[in-house]
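Everything below concerns the one structure shown next.
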Amino acid sequence: MTPDDPATEPRPTNPAAPARAPDAVREGDYLVVRKVGAKLPAGCILCNLPEAKRVRVTVRKFNLPLRGPILLFSPILLVMSSVAPMAKFEAGLCSAHVAERNRLRRPRLKFVAIALAMFLLGVVVASLGPAAEIIGGMLVLVSLVLLPIALLVALLSVRPLLKAHYSDGRYLWVDGVSPQYLQQLAEIGGES
């Protein structure tokens, strides 16, 4: 047997996962997508409009039930998000969902910019003289309190359009896909 022989190909650990399936199938309300290089059928995956732009989609299985406390430990968060199971695939999004995706991906950095400006203003005011040191020091202190809060708000405001729920070795189960879009995919059990 050779490594390219289908009999020696590794099988998914979940018996419900397709053994030799197309890039994407459905299982109930979930899209089951190959983790790397899948190309989904035409149409918007969120509303099933036929006029959809092809985009590269990344979905991570990274759920934080206690987002606030965990975000305080950002190095741990970065490591957890980098090792989380994910799928990268090509799919369609209509113009409305492309705009929503761009809006959701952009963190709310206005408050961070205000806190940084307040910090810099405090440093400049404090250097003006002994009478201004108190005002400058207060501005720096307030900005140091506001900056972590602003960063937390910015991080919490970013959310994905699609959510991953389960992963095995080769596939990711994704929620949030339009039921009409899912109907054009084969069911894992073999029904269409």
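Out of Val55, Val79, Val59, I need the residue that is at pLDDT 60 or above, part of a strand (DSSP E or B) and surrounded by fewer than 17 Cβ atoms within 10 Å (Cβ to Cβ). Which one?
Matching residue, one of Val55, Val79, Val59: Val55.
Does region 140-192 hold any residues that are surrounded by 15 or more Cβ atoms within 10 Å (Cβ to Cβ), in a helix (DSSP H, G or I) and at pLDDT below 90, and which are they?
The answer is Leu146, Leu147, Ala150, Leu151, Leu152, Val153, Ala154, Leu155.
Name the residue that is farthest from Ala52 (Cα to Cα), counting only residues in region 95-129 that are surrounded by 13 or more Cβ atoms within 10 Å (Cβ to Cβ) and touching a strand residue (DSSP E or B) at 6+ places or on another chain (Cβ under 8 Å).
Arg101
The values are calculated or read from the model by the stated rules, or taken from the named source; none is laboratory data. Please read all numbers here as calculations on a predicted model, not as lab measurements. Backbone-built Cβ (ideal geometry, glycine too); neighbour counts: all protein chains shown.
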